[in-house]
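What follows is a single structure, written as structure tokens, with notes after it.
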Amino acid sequence: MTSVTDTSDATGLSQTVKAQLRLRELIVGGALKPGQRIAELALVERIGVSRTPIRMALVRLQEEGLLEALPGGGFVVKDFSEDDIHDAIELRGTLEGLAARLAAERGVSAVLAAEARECLERIDALLDEPELTDASFARYVEQNSRLHDLLAEMAGSALLARQLERVKTLPFASPNGFVFASALSPRSRDSLVVAQAQHRALLDAIGRREGARAEAVMREHARNAHQNLVEALQSHKSMQRIPGANLIRKRGHR
């Protein structure tokens with residue numbers, strides 16, 4: 001039987017999650033600006049939860065890297081330089097490279113391998129379409145996210161999976177951080193075709209138990225985001241399609 005304490009704990013957790021998700025949405029969406037100090041009482045009214053879940057959510061978002069703690073107490077919204085973003089992408093590539101190597105060395109279950117192949121088949125189907133639309137890119141994002149999640153499962157390491165999840169919470173460090181921005185590029189289909197070829201090479205290397213090759217393919221795959229970032233920064237229209245673009249500090253600014 002569930003105790004009163006258990007129910008209270010579950011309610012508190014759900015309120016914290018609600019506050020965390022809503023606060024992240026306000027930051028990434030631009031409602032809260034870089035450098036802006038967070039007012040707890042204002043968030044209580046805005047999000048509709050008590051101060052305790054708000055405080056816990058603020059700590060979690062600091063751990064994610066979206067907030068910075070002030071020496072005298074409180075938090076401000078962080079901004080990120082281009083170098084910060086490159087480092088975050090490189091970190092994701094390093095962790096996913098390790099995941100790929102562990103998956104190859106430890107072996108992957110038939111169920112996970114089959115799910116990964118299904119993701120590839122769905123991506124192939126949308127790339128066969130005569131024209132790529134926003135709906136096409138949305139489906140790509142869905143399948144790409146699933147494929148990267150499966151890779152974390154394939155590694156068989158709960159610790160590595162947690163670290164990967166943490167680095168991917170930064171919107172521009174996620175595997176899909178620049179997908180919609182690249183949709184405006186004349187080479188958008190080419191970039192997805194290249195990424196898909198890397199997906200296939202990755203699964204082939206894992207299936208053949210070639211750890212070093214799997215790691216190298218995944219590291220190279222992550223570097224695609226570097227090029228997408230460079231191209232996006234040159235286009236105001238592309239930047240508007242990047243989640244969290246308002247957090248990116250322009251060169252010449254602090």
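Considering only 40, 153, 129, the Gaussian network model of the chain with Cα springs below 10 Å gives its largest mean-square fluctuation to 129.
Cβ-Cβ distance of residue 55 and residue 82, R₀ of 35 Å, FRET efficiency by 1/(1 + (r/R0)^6): the value works out to about 0.65. Only Cα pairs under 8 Å and 6+ residues apart enter the sum, and on that basis the relative contact order of the chain stands at 27 percent. Its alpha carbons considered, the chain gives a radius of gyration followed by a Dmax of 19.9, 60 Å. Once the other residues with Cβ under 10 Å from the Cβ of residue 98 are scored (Lys, Arg +1; Asp, Glu -1), what is the net sum? For residues surrounding residue 98, the net value is 0. Rounded, prolate or oblate, given the Cα gyration tensor of segment 28-99, with a/c below 1.5 counting as rounded? Note, shape of segment 28-99 comes out prolate.
Counting protein heavy atoms only, the chain has 53 percent of its accessible area on carbon and sulfur, 1.4 angstrom probe. Using 18 Å as the cut-off for backbone N distance, which residues of segment 31-60 belong to the label zone defined by a point 7 Å from the Cα of residue 68 along Cα→Cβ? What the label zone holds, given the 18 Å backbone N cut-off, is 32-39, 58-60. The aspartates and glutamates within cross-link reach of residue 78, meaning a Cα-to-Cα straight distance under 15 Å and a gap of 8 or more places when in the same chain, are 25, 63, 64, 68.
Hydrophobic long helices, here whole DSSP H runs in the chain with Kyte-Doolittle means of at least 0.5 and Cα atoms spread over 27 Å or more along the helix axis, are not found. For the chain, a Gaussian network of Cα nodes joined below 10 Å ranks 111, 77, 230 by mean-square fluctuation, and the top entry is 111.
Per residue, the chain exposes an accessible area of 52 Å² to a 1.4 Å probe, with every protein chain left in place. With the simple spin-label model, which puts each label point 7 Å out from Cα in the Cβ direction, the residue 112 to residue 94 separation comes to 2.3 nm. Before rounding to the nearest 500, sum -39500 (n - 2.57) across all DSSP H runs of length at least 4 in the chain and divide by the residue total; then give [θ] at 222 nm in deg cm²/dmol. Helix contribution divided over all residues of the chain: -21500 deg cm²/dmol.
Here the simple spin-label model places points 7 Å from the Cα toward Cβ, and for residue 223 and residue 134 these points are separated by 3.4 nm. Using the Cβ-Cβ distance between residue 166 and residue 26 with R0 set to 25 Å, the FRET efficiency from 1/(1 + (r/R0)^6) comes to roughly 0.80. Enclosing the Cα atoms of segment 85-158 in their convex hull gives a volume equal to 102 cubic angstrom per residue.
The values are calculated or read from the model by the stated rules, or taken from the named source; none is laboratory data. If you're wondering where the values come from, they're calculated on a predicted model, not measured in any experiment. Cβ coordinates were reconstructed from backbone atoms using ideal geometry, including for glycine residues, and neighbour counts include every protein chain displayed. To get the accessible areas, we keep the full protein, side chains included, count just its heavy atoms, and leave off ligands, DNA and RNA. Shrake-Rupley method; radii C 1.70, N 1.55, O 1.52, S 1.80 Å.
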